[in-house]
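Below: one structure, written as structure tokens.
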Amino acid sequence: MKEPEPKLKPKWRVVNQRTAEVILPFLEIADHFWTRFKGLQGRADLEPGHGLLLVPCSSVHTFMMRFPIDLILLDRTGKVLGVKSTVRPWRMVAPVSQTYAIIEVKGGSALAVSPGDLLRLERVQGQELPASLGFLLKP
């Protein structure tokens, strides 16, 4: 039996350079005020393998959220500064020094990432790169 086509075709994916593993095959980008402001608020859930990159962003809150998330904190080079696991709804996450961007994923799914890893974006579909994401592309 043929598997159903995914609802959304991925445009960007995230690769861990240390392991060469695709850690997020589906990445959404929030690089403007309103997209960062909305974030994941109001969504019922976030599917495994999906994530939201908030850039620039040094801290987040989970107000108005319905599910726990993991946070991957990145510096300006794409290096993982830390991972906050299973942040429940209605919480504040304080800024961490040198954090430039944060990737939000489903709670419990950031297991393939460790502090010190270097993450990179790969283009899956032809799409112009937002200037805000240059720090995550391979040199």
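The values are calculated or read from the model by the stated rules, or taken from the named source; none is laboratory data. Here the structure is a predicted model, which means the values were calculated and not measured. Every residue, glycine as well, gets a Cβ built from its backbone with ideal geometry; the counts of neighbours run over all protein chains shown.
Mind listing just one residue for me: the one in region 107-121 that is assigned to a strand (DSSP E or B) and closer than 11 Å to LEU24 by Cα and, of those, modelled with the highest pLDDT? My answer is LEU119.
Do you know which of the residues in region 75-89 that are free of Cβ contacts under 8 Å to residues at least 40 places away in the same chain and not in a strand (DSSP E or B) is surrounded by the fewest Cβ atoms within 10 Å (Cβ to Cβ)? Checked region 75-89; the qualifying residue surrounded by the fewest Cβ atoms within 10 Å (Cβ to Cβ) is ARG88. Filtering region 32-48 to residues that are farther than 16 Å from LEU74 by Cα, without any contact (Cβ under 8 Å) to a residue 40 or more places away in the chain and either surrounded by 13 or more Cβ atoms within 10 Å (Cβ to Cβ) or small (Gly, Ala, Ser) (or both) leaves THR35, LYS38, GLN41, GLY42, ARG43, ALA44.
Residue count for region 1-31 satisfying the condition of being assigned to a loop (DSSP other than H, G, I, E, B), at pLDDT 90 or above and either loosely packed, with under 13 Cβ neighbours inside 10 Å or charged (D, E, K, R) (or both): 3.
Every residue, every condition in (1) buried (at least 18 other Cβ atoms within 10 Å of the Cβ); (2) at pLDDT below 90, yes or no:
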| site | (1), (2) |
| --- | --- |
| SER59 | no, no |
| MET64 | no, yes |
| LEU73 | yes, no |
| ARG91 | no, no |
| ALA101 | yes, no |
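Report yes if GLY51 is buried (at least 18 other Cβ atoms within 10 Å of the Cβ) and part of a strand (DSSP E or B), otherwise no. Yes, satisfied.
Given the condition at pLDDT 90 or above and either over 20 Å from LEU111 (Cα atoms) or out of contact with any strand residue (DSSP E or B) (no Cβ under 7 Å at 6 or more places or on another chain) (or both), answer yes or no: does some residue in region 32-53 qualify? The answer is no, given that none of the residues of region 32-53 is at pLDDT 90 or above and either over 20 Å from LEU111 (Cα atoms) or out of contact with any strand residue (DSSP E or B) (no Cβ under 7 Å at 6 or more places or on another chain) (or both).
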